[in-house]
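Inspection log for the structure reproduced underneath, given as structure tokens.
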Amino acid sequence: MLIAIIEDEADLLELLEFNLQTEGYDAVGFLNTKKVKDFIIEENPDLLIVDRNLPGIEGVNFVKELKKEGFNIPVIFLTAKNSEENILEGFEAGADDYIAKPFSMAELKARVKAVLKRNKKFSDILSYKNYRLDISNRVLINENKQVDLTNSEFNLLKYFFENPKRVVTREEIADILDINEKSVNVAVNRLNHKINILTSVRGVGYKLMDN
């Protein structure tokens, strides 16, 4: 899942990116809002984490603008503004959660997971690049076109989409598909024949292609 972070403190932004990436998320940071709207249009992130003290615009006002323009993306405010009035302003602007600084990374990770989980749109759809995997209907969409997958291919791709940052071992693939390890290459090649998306990591297994 793709998370955009808007935070004007460079050190904190780097720390947030690192911690979310270690959890398997694609995390992209911005020091201001200048390029964020274009990024949202092009990449369709699954979550925004927004500071309120931003250069040129208050975070609440920026989120209000996005919501007014029809961008229905979950939002978590991460800010030093922690009075009851501030928190109410955040939720009234359309926030899904509000985290006051200082905070622990464990708390942040838990709240990110909770927000994504309770937002049905994102819990039912896994995304990677131009691909959208509809879990409920068991359908893969690539650039608005449906790709026909067998049950085994769907289950395999789902596991990779759920673990986009790491190498999936051959043993894991064999377990997922209930096959022996000798058949793993065949299963992966069949999927790659339909959508060339997995690359081999010698001696370990496979991972999603970076490019």
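Readers should treat all values here as calculations from the given coordinates under stated rules, not as data from a laboratory. All figures in this text were calculated on a predicted structure; none of them were measured in a lab. Backbone-built Cβ (ideal geometry, glycine too); neighbour counts: all protein chains shown.
What size of dipole, in debye to the nearest 20, comes out for the chain about its Cα centre when the only charges are +1 on Lys and Arg C-beta atoms and -1 on Asp and Glu C-beta atoms? Walk me through the numbers on the way to the answer.
On the way: 29 positive and 35 negative charges, 151 e Å.
In total the dipole reaches around 720 debye.
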inquiry  = Given points 7 Å out from each Cα along the Cα-Cβ axis, report the residue 80 to residue 67 separation in nanometres with one decimal.
reply    = 2.5
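For the chain, what is the relative contact order in percent, using Cα pairs closer than 8 Å and at least 6 residues apart in sequence?
13
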message = Only Cα pairs within less than 10 Å get springs; with that Gaussian network setup on the chain, which residue of 99, 179, 73 has the largest fluctuation?
response = 179
Net charge, residue 40 excluded, C-beta distance under 13 Å - Lys, Arg +1, Asp, Glu -1 = -2
request  = Set the Förster distance to 22 Å, then compute FRET efficiency between residue 151 and residue 180 from the Cβ-Cβ distance, nearest 0.05.
outcome  = 0.75
key: Given charges at Cβ of Lys, Arg, Asp, Glu: region 2-123 dipole, positive-most of 2, 78, 116   = 116
key: Around residue 207: net Lys/Arg minus Asp/Glu count, Cβ-Cβ under 11 Å   = +1
key: FRET efficiency, residue 38 to residue 169 (Cβ-Cβ, R0 41 Å, nearest 0.05)   = 0.60
message = Under 20 Å between alpha carbons, and skipping anything fewer than 8 positions from residue 68 in its own chain: which lysines qualify?
response = 34, 35, 37, 121
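Shape of region 2-123 from its Cα gyration tensor (a ≥ b ≥ c, root eigenvalues): rounded if a/c is under 1.5, otherwise prolate when a/b > b/c, or oblate? Spell out each step's value before the answer.
On the way: a/c = 1.15, a/b = 1.05, b/c = 1.09.
Judged from the Cα gyration tensor, region 2-123 comes out rounded (a/c under 1.5).
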ask   = In deg cm²/dmol, rounded to 500, what helix-only [θ] at 222 nm does the chain give when every DSSP H run of at least 4 residues adds -39500 (n - 2.57) and the total is split over its residues?
value = -12500 deg cm²/dmol
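Can you tell me the FRET efficiency between residue 31 and residue 195 if r is taken as the Cβ-Cβ distance and R0 is 30 Å, rounded to the nearest 0.05? Before the final figure, lay out the partial values.
Working: r = 35 Å, r/R0 = 1.17.
Computed FRET efficiency for residue 31 and residue 195: 0.30.
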inquiry  = Using a Cα-Cα cut-off of under 19 Å, which aspartates and glutamates could be cross-linked to residue 145, ignoring same-chain neighbours fewer than 8 residues away?
reply    = 42, 43, 124, 134, 153
ask   = Using a Gaussian network for the chain with springs between C-alpha atoms less than 10 Å apart, which of these wobbles most: 109, 145, 129?
value = 145
request  = With springs connecting C-alpha atoms under 10 Å apart, model the chain as a Gaussian network and identify which of 175, 124, 97 has the largest mean-square fluctuation.
outcome  = 175
message = Restricting to bridges with both residues inside region 6-125, how much of the DSSP beta-bridge set is antiparallel, in percent to the nearest 5?
response = 20
